[in-house]
Amino acid sequence: MRWLSSNAEHLLDIALRADERQQDTKRVSSYKLLAEIGLMLMLCGRSGQFARSEDYQEILSAFDAAVGKIRLPTEDLPSCLRFLSGVTPALEVNGLNSDRFRDDLMRVLRQDMLHVRDQTPWSILSLTYFLDLCGIQHSLPSSEDLYLRSILGSRPPIHCLSNHELYALSHLIFFFGDFGDNRGFFTRLPDHRPLSIYLDHVTAACLIDGDWDLTGEFLIGYECIGADHSLMRDFAWRQILQHQRPSGEIDVPRRIQMKSDQSDASPLGMFERHYHQTLVSIIASNLYAQHHV
């Protein structure tokens, strides 16, 4: 959290970059980064575990100022939808004004939904989760239906999973379990025990690959499914902590280190390389503290 607060000034730069007419990938990544910061603020604000710290308040203030500068483009509806549905509850949970974002969210939702989302269970669930958080009614499929249709319900062999599918798996766990606030969704399943074992196997695969981002996501997963006793989870926590740098950020996953030329050594570039695995570790720490401390 201290590392994130020491880099909070970059949030404004990222928001301003989103407004520039840059290539779509840069703009989409800006919306994504801010929405993910918003998710962390929503979860920490909801639990109250870290919300009173000066570091948290500094991040919250920088986030509020940054998102207030964004002018949403009407031509990029998927990115708008993800951004708005993440920012709105983040501000509301922390007692800040979200009227502008809620109004924009309702405007986007009045358009044909088939044009703003794909049809995968992961994508549909990510939308219904945030709509439910915002108290917005919808006619999209239920969680139970999506579970049966999802990769989490079928659980393919570990060696068949791509990185994209591993992220789909982790996010399905997040949203079905409401980041640990709806553990009952999983604990009521007749195959809860096999699911816990499957999570152990997936986490082990991520550790072997040196993927500290996905390892952090599956540490969140343990708290979501109510797997309170796992030797693999405890081992994964020790590994994550060994890959936390003295300044606080978590090391870059090995797969990214191998692909990256690391040419952008600017403070903003370094922030973007480290923020996500650090962010998921903050969320995982927040949930662990709720359930075990």
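The values are calculated or read from the model by the stated rules, or taken from the named source; none is laboratory data. Predicted, not measured: the structure shown is a model, and the values here were computed from it. Virtual Cβ from ideal backbone geometry, glycine too; neighbours counted across all protein chains shown. We work out accessible area using only protein heavy atoms, side chains counted, and drop any ligands, DNA or RNA first. Shrake-Rupley method; radii C 1.70, N 1.55, O 1.52, S 1.80 Å.
Selection of first residues in the stretch 172-184 that are surrounded by fewer than 23 Cβ atoms within 10 Å (Cβ to Cβ) and of second residues that are in a helix (DSSP H, G or I) and of a type in the set (Lys, Arg), restricted to Cβ pairs under 8 Å at least 6 apart or on distinct chains, gives the following pairs, ordered by first then second residue: ASP181/ARG46. What are the residues in the stretch 61-80 that are open to solvent by 10 Å² or more (accessible area, probe 1.4 Å) and assigned to a helix (DSSP H, G or I), if any? Hits for the stretch 61-80 are SER61, ALA62, ASP64, ALA65, LEU77, PRO78.
Taking each residue of the stretch 117-142 that is closer than 17 Å to VAL87 by Cβ and looking for partners that are among the hydrophobic types (A, V, I, L, M, F, W, C) and outside any helix (DSSP H, G or I) with beta-carbon atoms closer than 8 Å, six or more apart or interchain, yields LEU127/LEU140; LEU131/LEU140. Of a type in the set (Phe, Trp, Tyr) and farther than 29 Å from GLN244 by Cβ, is that true of PHE185? Spelling it out, PHE185 is indeed of a type in the set (Phe, Trp, Tyr) and farther than 29 Å from GLN244 by Cβ. Of the residues making up the stretch 90-102, those that are surrounded by 24 or more Cβ atoms within 10 Å (Cβ to Cβ) and either under 15 Å from ARG46 (Cβ atoms) or under 18 Å from the mean Cα position of the chain (by Cα) (or both) are ALA90, LEU91.
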